[in-house]
Amino acid sequence: MNFAVLTGGGDSSGINDFLYFLAQRLEREGHSLIGFRRSWLGLVNNDAVALDRQGLAQHRFTSGTLLGTERKNPIKDGEMDLVLRSLEDRKVDVLIAMGGDDTLGVANHLAEMGFTVVGVAQTIDDDVYGTDRTLGYYTAIYNGVRAVNSMVASNVAHDRDMIVEIMGRDAGWLALGIALNTPACACMCPEGAMTLEEMIASMEEYRRINGKAALAIVSEGIQLEGVDRTGLQRDAFGNLAYAGVSHIVGDLYKKATGRNPRVQVMGYLLRGGAPVPQDVELAAFYANHAIDLALAGKTGCMAALQNGQPAAVPLSEVMGRKKLVDLADLREKLKLLS
Ligand code: F6P
């Protein structure tokens, strides 16, 4: 069979290993593999490259995606006919679409048009509905924890409170995971559970009890009372460009306490670096599982992980939903902070 793969959305570490594992097995079993460049844009422009195990082996344990990515929405741009034409021209039997809910949404549309598609969830946000873990999340947590723990001593030395902004869009998984593995005394997530006033109170209390600078983690997608963020720029899928909220939080913190906090935006640092072992293993799992589903003739589904077991989730069920942190669970976890 002729397989094709694309990688869409924000990249994360582990994608190149996923491509390697796909090529490794497909080659062994006598199938071919091409990769469309820059996500759906490559399908619109019929821009693809042959992928082979040996070539991909040179790029194992690296971050980014060798295929490139793009927030391209061919549905919105009315270009699904071009997508289909490229797949026909390249004689592709199965498309494996890897990315977050936006990428998987287009994959669902393509499946509904009759093409064989299997989706795989990849995003540092870990917010894709229907699977326990998205590829790249573990490495992002590791990167964030290392970075924050490396900065804390400096803040303590300068006696300067620190507010660290973590990506994650509307889900607080990354922010919470990083907060739990650093000396953070507060964490604001988009799901709620902690207000700005509560965050400030926690930081004041931490300073009083410990006699040193306090650390708070804020997720980029938090809501702040009286702050309208709906005017932010949107991407092709309508997502707001959230980055930068920590500067607003920093200003409000200064107004409330008189102290000027150090604001750090983690940004792309979370996505980079070699994938941690959990992500390499997840990449292998997803590659094998996606191939199994495709060879079994399944289409319009996502190769998922549920309670440690492979599962096939209809892409139509993944659409329009997000896996968010449960509010009650979040409240319990916040009690564990310093
Ligand atoms: O969806 C993954 C993600 O890293 C989000 O956490 C973040 O909001 C977004 O990508 C940033 O996207 P961009 O690279 O387009 O700024």
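The values are calculated or read from the model by the stated rules, or taken from the named source; none is laboratory data. Here the structure is a predicted model, which is why all the values come from computation and not from measurement. Here Cβ is always computed from backbone atoms with ideal geometry, including for glycine, and neighbour counts include all displayed protein chains.
Things to note:
- A residue that is within 16 Å of the ligand (Cβ to nearest atom), at pLDDT 95 or above and part of a loop (DSSP other than H, G, I, E, B) occurs nowhere in the range 301-311.
- The residues of the range 100-140 that are under 11 Å from the mean Cα position of the chain (by Cα) and outside any loop (DSSP other than H, G, I, E, B), listed by number, are Asp101, Ala121, Gln122, Leu135, Tyr137, Tyr138, Thr139, Ala140.
- Count of the range 172-185 residues, restricted to those that are within 11 Å of the chain's Cα centre (by Cα) and part of a loop (DSSP other than H, G, I, E, B), is 0.
- Residue match in the range 222-231 (condition: part of a helix (DSSP H, G or I) and either without any contact (Cβ under 8 Å) to a residue 24 or more places away in the chain or among the charged types (D, E, K, R) (or both)): no
Condition check ((1) modelled with pLDDT of 95 or more; (2) under 19 Å from Arg71 (Cα atoms); (3) surrounded by 23 or more Cβ atoms within 10 Å (Cβ to Cβ)) across all residues:
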| site | (1), (2), (3) |
| --- | --- |
| Asp101 | yes, yes, yes |
| Ala107 | yes, yes, yes |
| Gly114 | yes, no, no |
| Val120 | yes, yes, yes |
| Asp126 | yes, yes, yes |
| Gly136 | yes, yes, yes |
| Ile141 | yes, no, yes |
| Ala153 | yes, no, no |
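- Residues in the range 192-224 that are away from the ligand (no atom under 16 Å from the Cβ), of a type in the set (Ser, Thr, Tyr) and under 28 Å from the mean Cα position of the chain (by Cα): Thr195 alone.
- Unique residue being of a type outside the set (A, V, I, L, M, F, W, C) and within 17 Å of the chain's Cα centre (by Cα) when the list is Gly272, Gly300: Gly272
- When Leu232 is tested against (1) within 16 Å of the ligand (Cβ to nearest atom); (2) under 15 Å from Leu196 (Cβ atoms); (3) among the aliphatic types (A, V, I, L, M), only condition (2) is not met.
- Matching residues, the range 259-285, being surrounded by fewer than 18 Cβ atoms within 10 Å (Cβ to Cβ), over 20 Å from Gly100 (Cβ atoms) and of a type in the set (S, T, N, Q): Asn260
- Matching residues in the range 1-48 - criterion: being of a type in the set (Gly, Ala, Ser), surrounded by 18 or more Cβ atoms within 10 Å (Cβ to Cβ) and part of a loop (DSSP other than H, G, I, E, B): Gly8, Gly9, Gly10, Ser12, Ser13, Gly14, Ser39
- Residue in the range 81-91 that is in contact (Cβ under 8 Å) with a residue 40 or more places away in the chain, among the basic types (Lys, Arg), closer than 19 Å to Asp47 by Cβ and assigned to a loop (DSSP other than H, G, I, E, B) present: yes
- If only residues of the range 239-253 that are within 13 Å of the ligand (Cβ to nearest atom) and without any contact (Cβ under 8 Å) to a residue 24 or more places away in the chain are counted, the one that is surrounded by the most Cβ atoms within 10 Å (Cβ to Cβ) is Leu240.
- Reported count of residues in the range 204-222, each being surrounded by 14 or more Cβ atoms within 10 Å (Cβ to Cβ) and either touching a Pro at 6+ places or on another chain (Cβ under 7 Å) or basic (Lys, Arg) (or both), is 6.
- Residues of the range 158-171 classified as in a loop (DSSP other than H, G, I, E, B) and either free of Cβ contacts under 8 Å to residues at least 40 places away in the same chain or within 11 Å of the ligand (Cβ to nearest atom) (or both), total: 5
- Complete set of residues in the range 274-297 that are more than 12 Å from Phe21 (Cα to Cα) and not aliphatic (A, V, I, L, M): Pro275, Pro277, Gln278, Asp279, Asp292, Gly297
- Residue selection: Ala23 satisfies the criterion of being at negative phi, modelled with pLDDT of 95 or more and away from the ligand (no atom under 16 Å from the Cβ).
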